[in-house]
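Note sheet for the following structure.
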Amino acid sequence: MNLTPQDYQVLTPYILLTVWACILLLVDLFIPKDRKGLTAMLAALGLALTLGFILSQIGIERVGFSGMVVLDGFSTFVNALLLVSGLLGIALAYGYVKRMGIERGEYYTLLLFSITGMMLMAQAADLIVIFIALELLSIPLYILAAFARPKVESEEAGMKYFLLGAFATGFVVYGTALVFGATGSTELSAIVAYASDGTPGLLLTIGAALILVGFGFKVAAVPFHMWTPDVYQGAPTAVTAFMSSGAKIAGFAALLRVFATAFPYIAADMTDVLWALAALTMIVGNFVAISQTDIKRMLAYSSIAHAGYILMAFVPYGNPDVRDVSIAAGLFYLVSYAVTNFGAWGVVIALEKNEGRGLAIADYAGLGKKYPALAAAMTVFMLSLIGLPPTIGLVGKFYLFRAVIAGGFTWLAIIGVLTSLVSAYYYLRVVVTMYMNDGEPETERETWLGLTTGATALVTVLLSFTPQVLFAWASEAVLKLF
Amino acid sequence: MIPINYYIILSAVLFTIGTLGVLTRRNALIIFMSVELMLNAANLAFVAFARAREIATGQPLFDGQIFVFFVIAVAAAEVAVGLALIVEIFKSKRSIDVDQMSSMKG
């Protein structure tokens, strides 16, 4: 096998980001303890450079390393989204880690490594690469979840995330082994070629199901969600914000790529399973969120519920007529969820104080009077998570439900609408607490935090007026997937 | 020669033991060992499938064996992080029983 410069071009973003992270690890040694903000700036610079490179590659499609990795519109779209998430993650962490006394340079390096893994997930065209990418994104996140050690909650979060994450990896690897046994290859294009000649066979179906279980853990779908509330609550809030968006985007990107590319011929078996997973995830996530009094735990259950909505986009994946539009709707929903989610966690970070105080929903009382701008931003995020106008959340849900109904799954769409109504109860409770109750909340004023919250709120509202631009890009990204 | 089915049944049994171990045992170290058992069950299946297909087609097939190397390397990285986490939690709680990791509820 000969490697050409084209092969390396496909992998340039990773090489760039990995080398940058390794050098940053060394440079960080020479940055004094009270100047770690510089490390954050350098990490952000690395992400921005990679983002620039990714955007310069729009329109290029290429397969590299003998079909191990691909560069196409889908990967460019997801990679750009992941890099923006990384930048937002650094902006949220910048003041937070200082205030919480956990400011160490490794935070940003680990973040870079994790993003590298996430990006590789979106570009993988071989189950080996998917496995490597999955581990590359997960292992730094285990460490980041336990970053606030010796705080017991943070250590427990890291431990639980690690054990359940490793368990999930076991399922993915065993599923891959069975798929390999059935088809004789780990390459997605070879797997699909094997199954196209009629009966896919039991081994392939079991293998695909085990891979689905493994990814179900990663994206926190019910019944594989048990770790999510504890991990999201215990981990440092800035990590949670990044984890809940980034890991979800990457997990869904890989799931989308694997199932749509390699397993279209077992869609008849998988559709019912995916249907049940999506419905269960929406119902359990939304109903359990109602009884939460801690804002981090409530947002954790909300993130489970949103995993259910995104899963809806997978249900019609075996139907070629609606596949593209439903995947585009899924991508659009991922963008709208990521933006809104970062904003909401930003507000949580603004109110959080040392020793885990300021995290109860009751602590938000009086925010509307004292900090009207912050309360307005939080209201926008809550409306977007419910799916009410004038926010991007409404548009995302609209595209999603439309695609699912076009695929003939009307009942699933009805469950989606009903659970959204249920979710209005707990999201609006935050808004009511902010404006109707009296209290004396204290917030932290940090430049980057304020900018992030403001910018995400603005995007959440403005994109709802011109969603076609983004949706067109998402549709474009999907057409080139196959 | 031992038929391939024997290897696959053995690997399925190992995988099941690993899964049950994770679900029933309460010591973090034992849970972690059970996860390793699951990964090694997959390794066994990979090698057996690759060899069986090599014999059947007469063509060399390296994918399976190569995947095993990746799994071993990644599992080693996971051990490094996992044991560090277990040591950290033992330092602050004097226990690695997962039932006692319940400082968060809701």
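Below are the figures for this structure:
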| quantity | calculated |
| --- | --- |
| Residue in segment A:263-284 that is under 14 Å from the mean Cα position of the chain (by Cα), buried (at least 21 other Cβ atoms within 10 Å of the Cβ) and in a helix (DSSP H, G or I) present | no |
| Unique residue being closer than 23 Å to A:Gly285 by Cβ and either in contact with an Asp or Glu (Cβ under 8 Å, 6 or more places away or on another chain) or surrounded by fewer than 24 Cβ atoms within 10 Å (Cβ to Cβ) (or both) when the list is A:Ala350, A:Ala362, A:Ala344, A:Ala375 | A:Ala362 |
| Of all residues in segment A:381-401 being outside any helix (DSSP H, G or I) and under 20 Å from the mean Cα position of the chain (by Cα), the one that is farthest from A:Arg297 (Cα to Cα) | A:Thr391 |
| Candidate set from segment A:147-159 (those that are facing another protein chain (nearest Cβ under 7 Å) and either at pLDDT 95 or above or part of a helix (DSSP H, G or I) (or both)); member that is farthest from A:Ala220 (Cα to Cα) | A:Val152 |
| Subset of segment A:161-179 (residues that are within 7 Å of another protein chain (Cβ to nearest Cβ) and either more than 29 Å from B:Ile30 (Cβ to Cβ) or surrounded by fewer than 24 Cβ atoms within 10 Å (Cβ to Cβ) (or both)) | A:Leu163, A:Phe167 |
| Helices (runs of 4 or more DSSP H) lying entirely in segment A:26-136 (those with 1 or more residues that are within 14 Å of another protein chain (Cβ to nearest Cβ)) | A:106-123 |
| Selection status of B:Phe49, facing another protein chain (nearest Cβ under 9 Å), within 16 Å of A:Gly184 (Cβ to Cβ), in contact (Cβ under 8 Å) with a residue 40 or more places away in the chain and not small (Gly, Ala, Ser) | yes |
| Residues of segment B:1-32 satisfying the condition of being open to solvent by 60 Å² or more (accessible area, probe 1.4 Å), among the aliphatic types (A, V, I, L, M) and within 11 Å of another protein chain (Cβ to nearest Cβ) | B:Leu23, B:Leu29 |
| Filtered residues of segment A:180-192 (kept if at the interface with chain B (Cβ under 9 Å from one of its Cβ atoms) and more than 27 Å from the chain's Cα centre (by Cα)) | A:Phe180, A:Gly181, A:Ala182, A:Gly184, A:Ser185 |
| Condition met for B:Ala56 (more than 21 Å from B:Asp97 (Cβ to Cβ), open to solvent by 80 Å² or more (accessible area, probe 1.4 Å), without any contact (Cβ under 8 Å) to a residue 40 or more places away in the chain and of a type in the set (Gly, Ala, Ser)) | yes |
| Residues (without any contact (Cβ under 8 Å) to a residue 40 or more places away in the chain, open to solvent by 30 Å² or more (accessible area, probe 1.4 Å) and more than 7 Å from every other protein chain (Cβ to nearest Cβ)) located in segment B:94-106 | B:Arg94, B:Gln100, B:Ser102, B:Lys105 |
| Test: residue in segment A:401-409 that is within 20 Å of A:Thr379 (Cβ to Cβ) and open to solvent by 10 Å² or more (accessible area, probe 1.4 Å) | no |
| Residue in segment B:74-87 that is buried (at least 16 other Cβ atoms within 10 Å of the Cβ), touching a Ser or Thr at 6+ places or on another chain (Cβ under 7 Å) and closer than 15 Å to A:Phe162 by Cβ present | no |
| Near pairs, Cβ below 7 angstrom, 6+ apart or cross-chain, from segment A:7-36 (under 16 Å from A:Leu49 (Cα atoms) and open to solvent by 20 Å² or more (accessible area, probe 1.4 Å)) to any residue that is in a helix (DSSP H, G or I) and among the aliphatic types (A, V, I, L, M) | A:Leu16/A:Leu49; A:Trp20/A:Leu112 |
| Per-region count, segment A:226-246, residues surrounded by fewer than 24 Cβ atoms within 10 Å (Cβ to Cβ) and part of a loop (DSSP other than H, G, I, E, B) | 1 |
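One line per residue, one yes/no per condition, for (1) under 25 Å from A:Gly358 (Cα atoms); (2) out of contact with any Asp or Glu (no Cβ under 7 Å at 6 or more places or on another chain); (3) open to solvent by 100 Å² or more (accessible area, probe 1.4 Å):
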position	(1), (2), (3)
A:Leu428	yes, yes, no
A:Asn437	yes, yes, no
A:Glu440	yes, yes, yes
A:Leu449	yes, yes, no
A:Thr456	yes, yes, no
A:Ala474	no, yes, no
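The values are calculated or read from the model by the stated rules, or taken from the named source; none is laboratory data. No experiment lies behind these values; they were computed from the predicted model shown. We place every Cβ from the backbone using ideal geometry, glycine too, and count neighbours over all the protein chains shown. These area figures cover heavy atoms from the full protein model, side chains too; ligands, DNA and RNA do not enter into them. Shrake-Rupley method; radii C 1.70, N 1.55, O 1.52, S 1.80 Å.
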